[in-house]
Amino acid sequence: MKNQIAAFAGLLGVFSLATAMPAAAENAPVVYHASFENAAHHEARITASFRDLAEGPFVFRMSRASPGRYALHEFAKNVYEVSAVDGKGRALKLEQRDPYSWRVEGHDGAVTVSYTLYADRADGTYSQIDRTHAHLNMPATFVWSEGLEDRAIEISFATPNGRWKAATQLPPAGGRSRFTAPNLQYLMDSPTELSDFDLRSWKLSDGQTIRLAIHHDGNADDMDRYAQEAKKIVAEQIAIFGEAPKFDHGVYTFIADYLPHISGDGMEHRNSTIISSSNGLYESDFAQISTLSHEFFHAWNVERMRPAELEPFDFARANPTPSLWFAEGFTNYYGDIARARSGVTPVDDYLDDLAGTLTFIINAPGREVGSPQSMSLEAAFVDAARAIDPDNRANMFVSYYPYGEVIAVALDLTLRTEFENITLDDYMRHMWKLHGVTEKPYTHDDLRKGLADVTGDADFAAAFFASYIEDGELPDFAPLFAEAGFKLEAADPEKASLGGVSFEEKGDALFIASNTLTGTPLYEAGLDRGDEILSVGRFTIDSEDEYEKAMKRHEPGQEVAIRFRSRGEEFTANATFATDQTLKITPYEKVKMDITDAQKAFRKSWLKTEINPDEED
């Protein structure tokens, strides 16, 4: 495998492209330049030149939204020392009428803007500049002007270090670090990493190229193993759809930063993805492959099969859609199952993770508040959004990622059970042909109709969407897993619980650090975030270890007195222990249950795996 993964040999340190994109005009209407002389202090100096402007005021702005994110992000806060000149180099007076934009008058048809950008967060949304790299997400980096979005763009970088290369989906324009973009939408969707990264690449059967560029402290063996795992996952996902997307330039690039000063994230883009983690590959036992798998599936689902509400993407406001349960949740499902099907992740590990997701969703009080569809619209408040006031998300919100994932599990197993030779893979291929290959944005009704088309049963599709997407019901999962010879059950039916919460220890005191969940014993007893637990029954509580000892000494159904302090006042309340709600999924073979050939065939079709009953749990 190592010999099949080609080392990087790009011309002049810039990626070569298998298929060249038509170049922008020799004198591009919009020209950007970024330099990093003060990288030690996380600054870039940027110029943006706009020509052939209409008479009257010229307004330029920073974005407030970023492709792949659904909440607002105030990128303008990191822009300062802003100035502008006209085509003859004469200074223009700037006026600000809001925090996000600047206005100039009296130009001669050309305006060049200069500004300093502070950037010190490397993830899928923001930018980071330091001595080791320039990690640039474009909405967090470059100003733009309304009305000029369709103009071609040229962009260049003056790197402070001769070892820095560029990893980007932008096509090169000649020279070491010059690139083009056909329009603003493409530029803003094109994150760029400038650093001394490592690279591996390989060819797909259709002639396209996959590149893996990683800025990290690991060694060649780490790169080779990670590339091998990535290659397996890419192949598995292509098999699901029957073909790879037609990447605009015949190339797809994974751009990754794995260093201690990096923030963990993953963000999909049309022909690339950004993956970031504060841990190295070896240190995290290559756990980053999970994010890679999720993000690559987005090359089909959300980058080409797109919700209608996201077209075109608006950089000046939040971009809501009720279909994130499909765009993100179904991607969550396939990102995980592709790892299991490809053999990258052992099936037992996959089942453990899936059981944890089911445990969370089945017991989430937020499901009583809204459906997967309505939770998708909450993205503006949770998708890396920031607020200083406390909220009650634990009781009124369920993330569309795991919510959509369990709906995908339910639909896949239901299709395999009730319809001959029809699976969720067939549904995804059908939606791909209708809305991915054609890049015709879909609506909620299109998703429902697509299910009706695949099954030939409009009543089934209508009932499934009404119950599980619009109303938020869940099916009985136990018989669905039984079809594959898996037992879904309580992990420990004798374990007592007062409800899942997180804690914070302060000296010899234990405080509840998260909202207690509706319906749990702690909630019913009146305890909430910030309360200090003093005792549980006969146990004095001064640490989380003492709290766990108290749990182990009690049984479900037993009543206990809890003494606690809330905002300076001491209370005592009675609580009845519940049964711990944690679930597990176990192959029949490992619990000595009989399994039929039909169940084995169902499992093999679903997970591409067989279970060795002699393996230890």
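The values are calculated or read from the model by the stated rules, or taken from the named source; none is laboratory data. As the structure is a computational prediction, the values presented were derived from the model and not from experiment. Cβ placement follows ideal geometry from the backbone for every residue including glycine, while neighbour counts extend to all protein chains displayed.
The sole residue among Gln208, Gln185 that is modelled with pLDDT of 95 or more and more than 23 Å from the chain's Cα centre (by Cα) is Gln208.
Checking Glu494 against (1) part of a helix (DSSP H, G or I); (2) surrounded by fewer than 16 Cβ atoms within 10 Å (Cβ to Cβ), which single condition isn't satisfied? Every condition holds for Glu494 apart from (1).
More than 22 Å from Tyr186 (Cα to Cα) and not in a helix (DSSP H, G or I): does that describe Ser284? So Ser284 passes the test.
Pairs linking a residue in the range 367-391 that is at pLDDT 95 or above to a residue that is surrounded by 16 or more Cβ atoms within 10 Å (Cβ to Cβ) and of a type in the set (S, T, N, Q), with Cβ atoms under 7 Å and 6 or more positions apart or on different chains, are Ser376/Thr321; Ser376/Ser323.
Please state which one of Phe296, Phe313 is under 20 Å from Asp123 (Cβ atoms), in contact (Cβ under 8 Å) with a residue 12 or more places away in the chain and part of a loop (DSSP other than H, G, I, E, B).
After ruling out the rest, the residue left standing is Phe313.
Per the conditions (1) modelled with pLDDT of 95 or more; (2) closer than 30 Å to Gly207 by Cβ, the sole criterion not satisfied by Phe58 is (2). Of the candidates Leu170, Leu204, Leu212, the single residue that is under 25 Å from Ala338 (Cα atoms), surrounded by 23 or more Cβ atoms within 10 Å (Cβ to Cβ) and either of a type in the set (A, V, I, L, M, F, W, C) or not assigned by TED's automatic domain parsing to the domain that holds Arg69 (or both) is Leu212. Within the range 459-474, residues that are at positive phi sit with their Cβ atoms under 7 Å from residues that are in a loop (DSSP other than H, G, I, E, B), at 6+ positions apart or across chains, in these pairs: Gly472/Gly370; Gly472/Ser371. Among the numbered criteria (1) out of contact with any Asp or Glu (no Cβ under 9 Å at 6 or more places or on another chain); (2) surrounded by 19 or more Cβ atoms within 10 Å (Cβ to Cβ), which one does Arg176 miss? Unmet for Arg176, out of (1) out of contact with any Asp or Glu (no Cβ under 9 Å at 6 or more places or on another chain); (2) surrounded by 19 or more Cβ atoms within 10 Å (Cβ to Cβ): (2). Note on the range 82-115: residues that are in contact with a helix residue (DSSP H, G or I) (Cβ under 9 Å, 6 or more places away or on another chain) and polar (S, T, N, Q) total 1. Checked against the criterion of being within 26 Å of Gly266 (Cβ to Cβ), modelled with pLDDT of 95 or more, outside any strand (DSSP E or B) and among the hydroxyl-bearing types (Ser, Thr, Tyr), the range 154-166 has no qualifying residue.
In the range 228-242 there is at least one residue that is without any contact (Cβ under 8 Å) to a residue 12 or more places away in the chain and assigned by TED's automatic domain parsing to the domain that holds Pro171. Remark: pairs (first residue in the range 558-580, free of Cβ contacts under 8 Å to residues at least 12 places away in the same chain; second residue exposed (fewer than 14 other Cβ atoms within 10 Å of the Cβ); Cβ separation under 9 Å; 6+ apart in sequence or on different chains) = Thr572/Ala561. Of the residues making up the range 510-526, those that are surrounded by 20 or more Cβ atoms within 10 Å (Cβ to Cβ) and either modelled with pLDDT under 95 or of a type in the set (A, V, I, L, M, F, W, C) (or both) are Leu510, Ile512, Leu522, Ala525. Criterion first (in the same structural domain as Phe419 (by TED's automatic domain parsing) and either within 30 Å of Glu610 (Cα to Cα) or assigned to a helix (DSSP H, G or I) (or both)) does Gly472 satisfy it? Taking the combined requirement at face value, the residue does not satisfy it.
Select from the range 290-305 the residues that are under 14 Å from Pro441 (Cα atoms) and not aromatic (Phe, Trp, Tyr) and write down the one among them that is surrounded by the most Cβ atoms within 10 Å (Cβ to Cβ). Only one residue tops the list, namely Met305.
Every listed requirement among (1) within 19 Å of Arg270 (Cα to Cα); (2) assigned to a strand (DSSP E or B) is met by Arg200 save one, (1). The sole residue among Tyr350, Tyr400 that is crowded, with 18+ Cβ neighbours inside 10 Å and closer than 22 Å to Ala490 by Cα is Tyr350.
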